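Read the figures in this text as sums done on the coordinates, not as results from a lab. Remember, predicted model here, so these are calculated numbers, not experimental data. When we count neighbours, we look across all protein chains shown, and the Cβ atoms used for this are built from the backbone with ideal geometry, even at glycine.
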Amino acid sequence: MILQNRLYLKIKKNIVHKHTYKSYCYFVFVVSCFFYGCSKLDTTTIGGGLIPEVDNIHTFADTFEIETRQEVFDDTTKITPKDNYVIGKINDPYIGETNANLFFQLKPSFFPYYIGQLPKDSIVKADSVVLCLSYKGFWGLDSLNNNNPPSFQVYEVSTNAHGEWDSVNTLRSIKYEPSINPTPISDVKYVDVRSMNNYVKVGIHDSAKNQIRIKLSQEFLTKIFNRDSSSNNVNGAYKSDSLFRLFNNGFAVVAKTGNGLIYVNLLEDNSRLELHYKKKSRAANDSGYSTTIDTVYNSFFFNTGYQNTRISSVANRIIRNRINVPGPTNREELCIQATPGTYATLSIPRLDNFVKFDSNRIIHRAEIQILQIPDVVNDKVYTEPKYLYLDLFDTGSLKWKPIYYDLNPSLYYNPDNQYYFFPSNGEVDLSYFGGVLSKKINGQAYYNINITRYLQQLVTKHTPNYKMRLYAPYNLLYPQYNSAIIPFINKIGYGRVKIGGGANTDPNYKMKLRVIYSKINQ
């Protein structure tokens, strides 16, 4: 590998300074000899460095049409507790509606628990109970005008929500939601994302920013303070985790109105249940004891398992009601909607002849070019996914598998090996593989995906010309190997893009494969 890189760089320098046809032929000859001498395919810098000029004598460019079909996932994605969750409603005129609600438990940090800094502190007055969520961003909002802002209302998860909801360490599908009590415990809360970065006073001495604060009802305030273990030993709800869940089995934050998705993180300290109250405290001094009344608050948090607490339950129900997803035929246009979303299958039949009849080719660059069909009004609000991903349909196992070589060329992996089917660090080298959102001067979005090494394998080894899948994943899963969830970079539900299909007649939008190659035997 090191020898090949040094050889390539030396020849590259020679080409740049001499600009002679003789130097270029020497480059092609030496590199081709090196590849033929290898026992396995290793294209190293091919496709990642110098690409010779296309002169149609020694170096050629070809464009391959792609057959594209629109597909929809039957999505059972699971969100891990460390990631951001989503709440809100979307009514995208192109793809349809999205509804996302969040269900979670907030618990005391220890049991038996008491409200107050010391067990013998007496509460003079219960002031308020505030449900707080750590704000992490939005998608689909006109944040400049705040037109039709998102609004939420809080309910309690039913104490009869048995089964999956009470399962420890369970990652729940985005299709799951527990039952909730029908009576809300808050007014409707409108969220203005423009003010999220402003500090808000919390209690007497504290402040917070990037925090959604929802004041809960007087009825819930009375309920939660009347069950304090220190004052009510018979009906105390804070003696144990099991008693607390019978008292409060969690909260449901339900989207009511608006046109946007709000992202929150439950593990950050900004997410908590604040119990504000005035307490009477006794403190020793030189003359004996003094009594003071302080205004303070206690907080419950999202627990991930420590001390004698049980792990908090969480679920994020995300529903898509699509109105404009065409059927699975070769399409002029496609919609790629981020998880839980849609995908496109790609087929390139003409590659069969390209790789079959002439193996004496070096592939300098093979790139799938994906172009947006712009909507100047809606694209400003319903922005594109940050990243697209491409994998292959394994005709043997009838399941999808990673693409060969191009995900991370610096690391060994083999999509046909159940133990090493993905790069060992779990990461895609986006600087090489591509799939990153880019914009042209006119604002049109585009994505380029590099499949150079994969195409070189097809040419050299005549491996199958697989069908491909293009999508905007939140995470990756290949169940034929194992149940491991491989994180990807996209946020859940973030982005959608209308792109040109293989049947589009407009060259400004048509999806295609562009290949630059040289023939060795000339």
* Mean separation of Cα pairs under 8 Å and 6+ residues apart, divided by the residue count of segment 81-210: what relative contact order is that in percent? -> 21
* Structure fact -> At R0 = 25 Å the Cβ-Cβ FRET efficiency linking PHE247 and ASP166, nearest 0.05, sits at 0.95
* Structure fact -> Full extension between ARG213 and ILE293 adds, at 0.36 nm per residue less the Cα distance, a length in nm of 26.2 nm
* Chain lengthening between GLU71 and ILE485 when straightened (0.36 nm per residue, less Cα-Cα) -> 146.9 nm
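How would you rank 52-58, 372-378, highest first, on the average number of other Cβ atoms within 10 Å across their residues?
Packing order, densest peptide first, comes out as 372-378, 52-58.
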* Structure fact -> SER109 and TYR420 label points (each 7 Å along its Cα→Cβ direction) are spaced in nm at 4.6
* To do: Could you tell me which of the pairs LYS201/LYS380; LYS82/LYS467; LYS175/LYS209; LYS209/LYS386; LYS439/LYS467 are separated by over 30 angstrom between their Cα atoms in the structure shown?
  => LYS201/LYS380; LYS82/LYS467; LYS175/LYS209
* **Point-to-point label distance, LYS386-ASN508, nm (Cα→Cβ direction, 7 Å offset)** => 2.9
* Asked: Sorted by average packing, counted as other Cβ atoms within 10 angstrom per residue and highest first, what order do 344-352, 192-200 take?
  -> 344-352, 192-200
* Structure fact -> With a Förster distance of 51 angstrom and the Cβ-Cβ distance between LYS239 and TYR190, calculated FRET efficiency to the nearest 0.05 equals 0.85
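If you count, for each residue, the other Cβ atoms within 10 Å and average over each peptide, how do 490-500, 392-402, 458-468 line up from highest to lowest?
490-500, 458-468, 392-402
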* **Set of segment 467-489 residues, backbone N closer than 17 Å to the point 7 Å along the Cα-Cβ line of GLU427** => 476, 486-489
* **segment 435-522 - percent relative contact order, Cα under 8 Å, separation 6 or more** => 12
* Asked: Expressed in nm to one decimal, what extension gain is obtained for the pair ILE441 and LEU477 from 0.36 nm per residue of sequence separation less their Cα-Cα distance?
  -> 9.4 nm
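With Cβ to Cβ distances under 13 Å as the rule, what net charge do the other residues near VAL86 carry (K, R +1; D, E -1)?
+4
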* Tell me which aspartates and glutamates have Cα within less than 13 Å of LYS510's Cα, excluding those fewer than 8 residues away on the same chain? -> GLU65, GLU67, GLU332, GLU333
